[in-house]
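Enquirer: First the structure, which I've put down as structure tokens, then a few questions once you've had a look.
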């Protein structure tokens, strides 16, 4: 009993702490956010995250590195030059100077370009995949902030109802029609509401911090959503989403680029026996030949041809390795293809179930819970219901409100995940037949 009275006594202090720690969530709240708070929509948050997020900067730089690597592997080797002094007994000292260059077989340039292009496309696919993940993560974090703020509104309303019930209970206790235990239970309910608001305050802080980090802002700056948590639109048809995902998912495009690069690498390994072209120019800067007043340069051009007498080393070495790598990538592509298809179907089923749950809670559970509390509260005021019945009805209504808020968040998060799985916004597909009513 002393513990209960102590909790009740802490009620005013807890309410003061909540008032100073919390900011207004959305348009559903009556309190105003600070003047310097950044109000941002979901679309703006995603756009800012895709522009400023450091992880995407890393991915873009890696793509640029892949392009530079392609230029490096495609480059022609630099010419080499040599110079020497050759003293000869009884003859003038010669000063031979030579400049030469080795040019690989022309088809090797084509293959090197294909390998480098495959690396660039793989890096681009990784960048695209990370972009989609950041967009989905930002949308879900934005919705988590909306959820926490909506919970704050629900908890604030619940606490107001608890305070009203406490006032009625105290009035009945003063009139001698209610027991002291009813008053204590009502006071505990008010204190529990204050504690729930304090706990929800940490959820709001975490969501704001995460959203600031994703959009590239200092973590301590205030930020508030400009959108509200609403029921998402109906889903498009699954076949359209499935077809697009299987042709545009970055995992598949990246593996396809790797397969092309691996095939080019295999062909390049099989051309180990092709000759390289060599060209050189040599002239003597020493004493001129008495028969030739000027020393003319000597030009030569030829081929450098390897002699593959140990050909089995190549067949069982780099060529075998390249062929096995091709088969490995082909198997990985088939497995990833099936995984992407499964991912889309799973995300679609989750989104559809979340929409159905939102509709059921909105149309059936929530109205019934509100009516039950209204009836119990009115009956208690007339002396019909007990305090326990009112408290139970209020807890049921609060739980229904919280469940509906969580269902809205789950539905929006499921659609954001479905967009990630589809690799495209759902708005670009024609809407399907509504699943919920």
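Each value in this text was obtained by applying a stated rule to the coordinates, not by laboratory testing. Here the structure is a predicted model, which is why all the values come from computation and not from measurement. A quick note on method: Cβ atoms are made from the backbone with ideal geometry, for glycine too, and the neighbour counts reach across all protein chains shown.
Enquirer: Evaluate the distance, in nm, between pseudo-label points positioned 7 Å from the Cα of residue 231 and of residue 327 along their respective Cα→Cβ axes.
Expert: Reported label-point gap for residue 231 and residue 327 is 5.5 nm.
Enquirer: Ranking 235, 366 by Cβ neighbours within 10 Å, fewest first, what do you get?
Expert: Numbers: 235 22, 366 17.
With the fewest neighbours first, 235, 366 line up as 366, 235.
Enquirer: Please give the calculated 222 nm ellipticity per residue for the chain, where each DSSP H segment of at least 4 residues contributes -39500 (n - 2.57) and the sum is spread over every residue; nearest 500 deg cm²/dmol? List each step's numbers first, then the result.
Expert: Values: 12 runs with 288 residues, N = 437.
Only helices count here, giving -23000 deg cm²/dmol.
Enquirer: Given Cα pairs under 8 Å that are at least 6 residues apart, what percent is the relative contact order of the range 320-437? Intermediate results must be reported in sequence, preceding the final value.
Expert: Numbers: 65 pairs, mean separation 45.6, N = 118.
Dividing the mean separation by the residue count of the range 320-437 yields 39 percent.
Enquirer: Further question: Which shape class applies to the range 177-221: rounded if a/c is under 1.5, otherwise prolate when a/b exceeds b/c and oblate if not, where a ≥ b ≥ c are the square roots of the Cα gyration tensor eigenvalues? Mind dumping the intermediate values first?
Expert: Numbers: a/c = 8.19, a/b = 7.05, b/c = 1.16.
Note, shape of the range 177-221 comes out prolate.
Enquirer: In whole angstrom, how far apart do the alpha carbon centroids of the range 332-399 and the range 190-259 sit?
Expert: 21 Å
Enquirer: Can you pull a Stokes-Einstein diffusion coefficient for the chain at 25 °C (0.890 mPa s), Rh from Kirkwood over Cα pairs, as a whole number of µm²/s? Show your work: numbers first, answer last.
Expert: Values: Rh = 28.7 Å.
The diffusion coefficient I find is 86 µm²/s.
Enquirer: How far is helix 238-248 tilted off the main Cα axis of the chain, in degrees rounded to 10, range 0 to 90?
Expert: On a 0 to 90 degree scale, this one is about 30.
Enquirer: Kindly put 324, 263 in sequence by how many other C-beta atoms sit within 10 Å of each C-beta, fewest to most. If you can, show how the numbers build up before the last one.
Expert: Values: 324 12, 263 19.
With the sparsest Cβ surroundings first, the list reads 324, 263.
Enquirer: Measuring from centroid to centroid over Cα atoms, what is the spacing of the range 41-56 and the range 85-163 in Å?
Expert: Cα centroid to Cα centroid, the span is 18 Å.
Enquirer: So how do 316, 108 line up by other beta-carbon neighbours within 10 Å, fewest first? List each step's numbers first, then the result.
Expert: Working: 316 10, 108 16.
Least to most surrounded, the residues fall as 316, 108.
Enquirer: Where the convex hull is taken over the Cα atoms of the range 198-254, what is its projected area averaged over directions, in nm²? Don't skip to the answer; put the middle values down first.
Expert: Numbers: hull surface 28.3 nm².
Projected over every direction and averaged, the Cα hull of the range 198-254 covers 7.1 nm².
Enquirer: Among 66-75, 408-417, how do they line up by average Cβ neighbours within 10 Å per residue, starting with the highest? Mind showing how you got there, number by number?
Expert: Working: 66-75: 13.9, 408-417: 22.8.
Packing proxy ranking, top to bottom: 408-417, 66-75.
Enquirer: In the chain, what % of DSSP beta bridges are antiparallel (nearest 5)?
Expert: Working: 22 of 25 bridges.
Just about 90 percent of them are antiparallel.
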